[in-house]
Amino acid sequence: MDCRPPAPLAFAEVIVEWYRLHGDKDLPWRTTSDPWAVLVAALLLRKTTVRQVLGVYGEFLRRWPSPRELAGAAVEEVEEVLRPLGIEKVRARLFKRLAEELLSKYGGEVPLSLDKLRGLPGVGDYAAREVLVAVAGAAEPLLDRNAARVLERVFGVKSRRQRPHTDPELWEFAKRLVPPESPREYNFGLLDFARKICTARSPRCGACPLASCCRYYASGGAPSAKHIKR
C-alpha cells in the first residue's frame, strides 16, 4: 500500500485536534506561564516519567519557587527532594549551579532568549525551546526521541544519526511543521501522541488519525530508508 505523507499544515491540524481531545492539558507545567516552573519541569523530566515527576514537582516548587531560594538551599536538601527520580546527587548539583548562575547573571530571572537559555548549566536545545514555547508561544519545535520517532514514521524520513533527536537536519525539518498560531498545543500534542499512540513498541496504529497517510503504517511497520532532504 502506498500513501502520500500529509502536508505540514494538515499534519499540525491533526495533532492539535488530537491534543484538544486526548492530551494531558492539565499537567501543572502546562498550565503555568512561569518560566522557572517550566524550566524545572523540563529538567526533571529527563530520564524519568511524567508520573514520577508529578510526585516531586509540587514539593520542589513549594520549597524553591524561584532560583533565588534554590541558590541558597543546601544541596543535601535538594537531593532529598529529588531522590524518587534517581541520580539525585547529579540532579541536585545541576539545579544548584543553574540557580546560582541565574541569580548572578540575570538577577534570579529566567531569560526568554534561546541563546541565553542554552548557555545555562544543563539547559540544551530542547529545554530552552520548551520554555520559549510554553511561556512565549514561540514557533519552535520540541524534538525529543519520541517526537523524532513520529516524524520519521509518518513522513518516511530517516536521520543519519544514531540519536535522531540530536540531528540538526531533523530539527530543521521539525521546525517547518510547527504552526505559528498554535505552537503550544501542537508541540505538547506531538509529545503526548508519541507517548500514547505512536509508541516505540507496539504502536496503536488502529487508533491513529494519521494511519491513512503514514509511511510506516503503509509499509507494514518497516523502517524508512528515505533520508532527510537538505
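The values are calculated or read from the model by the stated rules, or taken from the named source; none is laboratory data. Since we're looking at a predicted model, the values are computed, not measured. Here Cβ is always computed from backbone atoms with ideal geometry, including for glycine, and neighbour counts include all displayed protein chains.
Table for the structure above
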read-out: GLU181 vs. criteria outside any helix (DSSP H, G or I), more than 24 Å from ARG160 (Cα to Cα) and not basic (Lys, Arg); value: yes
read-out: Members of region 119-175 that are farther than 25 Å from GLY221 by Cα and among the small types (Gly, Ala, Ser); value: GLY119, GLY122, GLY124, ALA127, ALA128, ALA134, ALA136, GLY137, ALA138, ALA139
read-out: Failed item, numbered, when VAL53 is tested on (1) under 19 Å from ALA128 (Cβ atoms); (2) among the β-branched types (Val, Ile, Thr); (3) touching a residue at least 60 places away in the same chain (Cβ under 8 Å); value: (3)
read-out: Residue list for region 56-71, filter: assigned to a helix (DSSP H, G or I), under 19 Å from TYR106 (Cβ atoms), over 22 Å from the mean Cα position of the chain (by Cα) and free of Cβ contacts under 8 Å to residues at least 40 places away in the same chain; value: GLU69, LEU70, ALA71
read-out: Pick from region 104-153, criterion among the acidic types (Asp, Glu) and more than 15 Å from the chain's Cα centre (by Cα), ranking: farthest from ASP192 (Cα to Cα); value: GLU109
read-out: Members of region 111-126 found to be free of Cβ contacts under 8 Å to residues at least 12 places away in the same chain and not in a loop (DSSP other than H, G, I, E, B), listed by number; value: ASP115, LYS116, ARG118
read-out: Top-ranked residue of region 24-65 - restricted to ones that are of a type in the set (Gly, Ala, Ser) and either out of contact with any Leu (no Cβ under 9 Å at 6 or more places or on another chain) or farther than 24 Å from PHE188 by Cβ (or both), ranked as surrounded by the most Cβ atoms within 10 Å (Cβ to Cβ); value: ALA42
read-out: Filter result (part of a helix (DSSP H, G or I) and crowded, with 18+ Cβ neighbours inside 10 Å) within region 154-178; value: VAL154, PHE155, PRO164, HIS165, LEU170, TRP171, PHE173, ALA174
read-out: Filter result for LEU151 (at pLDDT 95 or above, out of contact with any His (no Cβ under 9 Å at 6 or more places or on another chain) and in a helix (DSSP H, G or I)); value: yes
read-out: Some residue of region 129-137 being modelled with pLDDT of 95 or more, in contact with a helix residue (DSSP H, G or I) (Cβ under 8 Å, 6 or more places away or on another chain), within 25 Å of THR31 (Cα to Cα) and surrounded by fewer than 19 Cβ atoms within 10 Å (Cβ to Cβ); value: yes
read-out: Residue ID - surrounded by the fewest Cβ atoms within 10 Å (Cβ to Cβ), chosen from residues in region 79-110 that are among the β-branched types (Val, Ile, Thr) and assigned to a loop (DSSP other than H, G, I, E, B); value: ILE87
read-out: Conditions (1) closer than 18 Å to PRO8 by Cβ; (2) not in a helix (DSSP H, G or I); number of the one not met by THR199; value: (1)
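This table checks each residue for (1) in the same structural domain as LEU43 (by TED's automatic domain parsing); (2) free of Cβ contacts under 8 Å to residues at least 40 places away in the same chain; (3) touching a strand residue (DSSP E or B) at 6+ places or on another chain (Cβ under 8 Å).
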| site | (1), (2), (3) |
| --- | --- |
| LEU151 | no, yes, yes |
| ARG161 | no, yes, no |
| PHE173 | no, no, yes |
| PRO179 | no, no, no |
| SER202 | no, yes, no |
| ALA207 | no, yes, no |
| TYR216 | no, no, no |
